[in-house]
Amino acid sequence: MSTPATAARHLALRWSGVAPFLAFTALFLILPTLYIVVGAFRTPDGAFTLDFVRALRAPNILNAYWSSIRISFWSALLGTVFGLAMAMAMVNGGLSRRVRGPLLTFSGVASNFAGVPLAFAFIATLGPAGIVTLWLRSEFGINLRAHYGFNLLSTTGLILTYLFFQIPLMILIITPALDGLRREWREAASILGASGLQYWRMVALPILLPSVLGCFALLFANAFGAVATAIALTGSTLNIAPILLFAQIRGDVLGSPGLGYALALGMILIAGITNGLSIWLRARSERWLR
Amino acid sequence: MTRLAAALVLLLGVLYFALPLYGMTEFSLRMRRGVYSLDAYRVVLADPQFQETFAYSAFMALVTIVVGVVLVVPTAYWVRLYLPRLRPVVEFITLLPLVIPPIVIVFGYIRLYNTSSFLPLTGSSSGTTLLLLFGYTVLALPYMYRAVDTGLRAIDVRTLTEAAQSLGAGWITIMGRIILPNVLVAVLSGAFLTFAIVMGEFVMAALLNRPAFGPYLQLTGANKAYEPAALAVIAFAITWASMGLIQLVTRFQKFARAER
């Protein structure tokens, strides 16, 4: 007995349950983002233009992107390597099972301990008057700054600081994959005469690779979007994309609102591509690891 | 991996993570020359600005949790029960806040909801606070949705709903007295994570010019020596407490299940 009217009412009822959610995300997530994206291609009079996107080639903007990409790349690479090493030590290292719980709990805390307080912790430790800096100088006569050119308020310092949340994040997301490596595979390999190294090189790593690459991409995006740590650590002295955008939103430092939109568009693209890559790669790896 | 190598790797890791934590703690105790003291904490806790911003952010975190729960629980429930085909779309939307940098979202807010727009939220301070609240809800969306959806997977939503309906329950009763209590542990995990995120959030609050804890932290860091370290210790304690509570409620649930 489905007249068009009752069918329509039925349909409306069906959608009514998700309507608040769709309205909310449209207003406060999708529209604001679209506004920025469209703004990057629109002149003040509303005509289409590519000028703002082209203007991103200005040296200071390219430099900002490049520094951001470099910092994200290195912190993601080191985070992946050290995080994987620590996770492997925990899962396959033959150590006490009691290591696992505390390490995973701590990783949960540390991966969320980002932003301004993290910068404070590193300034208090490795900053110009930090505990470790002063200790090395007074006990061993090592001056980090003069002898090794180390400065916490720099690209290197930022990478070192980011690792504090990158490594734990890697441990958290790669551990399920390591747990998924079945004991039978290892036994099968060793029955066929493979050494431990051969097992890792020819069985485990190929299975883990999409997972590891996916985690790398996620860590990259994670570092790329981190603004608060960078601002708290370096003020606005370091020219990286998020800090430049922050200054642009506060006070139009680029002197062109359209260019600000284009700068944000670039960030959306880089974060979107790396995140998309990460989701795709990690979905792929689930085929083997369930 | 041999045991020696494994132990060595973990030792190095512990060293890297322990040093900054030790550094900030030690630094925070050094305000009085020559002896360890809690002076930095005393100064921070007595600072009216600390009290105001801390209370503001804690309040925002609690309201964010309430808004998030009201938004996410019915949606996840409805999608699971009536619109399974919409599931990939809703899941995709809830993942977007992880993909789009928060700084871009808040940039959009400032331009879209300025004084000359159809919804001039940035025109008044209560409007801006509301906008910040929605921003936080968006940030919490991925964690909240995932937690609640996992919670719903563990219960038989359809049978529970039909049983409640045949006993004459309306939608509000079903949501509030059947579904919510059943996914409470999942909701609480999402809630504590949201609390930790909102307490430390800096970019949105700073750009919307709200008196929140994050911008206060940054300001103190730029102007003071020992107080930032004390604040870092406090912030770390908040994060630790939130994560600890998540573990606690999860463990409590396992215990309750086993007993039944």
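The figures follow:
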item	result
The listed residue being at the interface with chain A (Cβ under 8 Å from one of its Cβ atoms) and modelled with pLDDT of 90 or more, out of B:G13, B:G68	B:G13
Out of A:T25, A:T33, sole residue that is in contact (Cβ under 8 Å) with a residue 12 or more places away in the chain, part of a helix (DSSP H, G or I) and within 24 Å of B:I110 (Cβ to Cβ)	A:T33
Close pairs from region B:133-146: first within 9 Å of chain A (Cβ to nearest Cβ) and more than 11 Å from B:T194 (Cβ to Cβ), partner surrounded by 24 or more Cβ atoms within 10 Å (Cβ to Cβ) and small (G, A, S), Cβ under 9 Å, at least 6 apart	B:G135/B:A205
Options B:A191, B:A164, B:A169: the member that is more than 10 Å from every other protein chain (Cβ to nearest Cβ), surrounded by fewer than 20 Cβ atoms within 10 Å (Cβ to Cβ) and either part of a helix (DSSP H, G or I) or touching a Lys or Arg at 6+ places or on another chain (Cβ under 6 Å) (or both)	B:A164
Test: residue in region B:112-120 that is over 20 Å from A:L265 (Cβ atoms), within 10 Å of chain A (Cβ to nearest Cβ) and part of a helix (DSSP H, G or I)	no
Enumeration of residues in region A:261-285 that are surrounded by fewer than 19 Cβ atoms within 10 Å (Cβ to Cβ), of a type in the set (A, V, I, L, M, F, W, C) and farther than 28 Å from A:F48 by Cβ	A:L277, A:I279, A:W280, A:A283
Flag if A:L163 is under 29 Å from B:A205 (Cα atoms) and either without any contact (Cβ under 8 Å) to a residue 40 or more places away in the chain or in a helix (DSSP H, G or I) (or both)	yes
When residues of region A:255-269 are limited to those that are among the hydrophobic types (A, V, I, L, M, F, W, C) and in contact (Cβ under 8 Å) with a residue 60 or more places away in the chain, the one farthest from A:A226 (Cα to Cα)	A:L259
2 or more residues of a type in the set (G, A, S) and either more than 13 Å from chain B (Cβ to nearest Cβ) or loosely packed, with under 13 Cβ neighbours inside 10 Å (or both): qualifying helices (runs of 4 or more DSSP H) within region A:53-150	A:59-92
Residues of region A:23-53 that turn out to be out of contact with any Ser or Thr (no Cβ under 7 Å at 6 or more places or on another chain), aromatic (F, W, Y) and at pLDDT 90 or above, as a count	3
Residues of region B:29-41 that turn out to be closer than 19 Å to B:Q218 by Cα and of a type outside the set (A, V, I, L, M), as a count	1
Residue check, A:I173 under 24 Å from the mean Cα position of the chain (by Cα), more than 20 Å from A:A230 (Cα to Cα) and surrounded by fewer than 23 Cβ atoms within 10 Å (Cβ to Cβ)	yes
Residue satisfying condition, being among the hydrophobic types (A, V, I, L, M, F, W, C), part of a helix (DSSP H, G or I) and touching a Leu at 6+ places or on another chain (Cβ under 6 Å), within set B:V79, B:V70, B:V66, B:V14	B:V79
Count - residues of region A:66-110 that are farther than 15 Å from A:F165 by Cα and not β-branched (V, I, T)	18
Pick from region A:71-107, criterion hydroxyl-bearing (S, T, Y) and touching a residue at least 24 places away in the same chain (Cβ under 8 Å), ranking: nearest to B:Y16 (Cα to Cα)	A:S107
Matching residues, region B:208-237, being more than 8 Å from every other protein chain (Cβ to nearest Cβ), of a type outside the set (S, T, N, Q) and closer than 28 Å to B:I110 by Cβ	B:L208, B:R210, B:P211, B:A212, B:F213, B:P215, B:Y216, B:L219
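The values are calculated or read from the model by the stated rules, or taken from the named source; none is laboratory data. Here the structure is a predicted model, which means the values were calculated and not measured. Note that we place each Cβ from the backbone using ideal geometry, even for glycine, and neighbour counts take in every protein chain shown.
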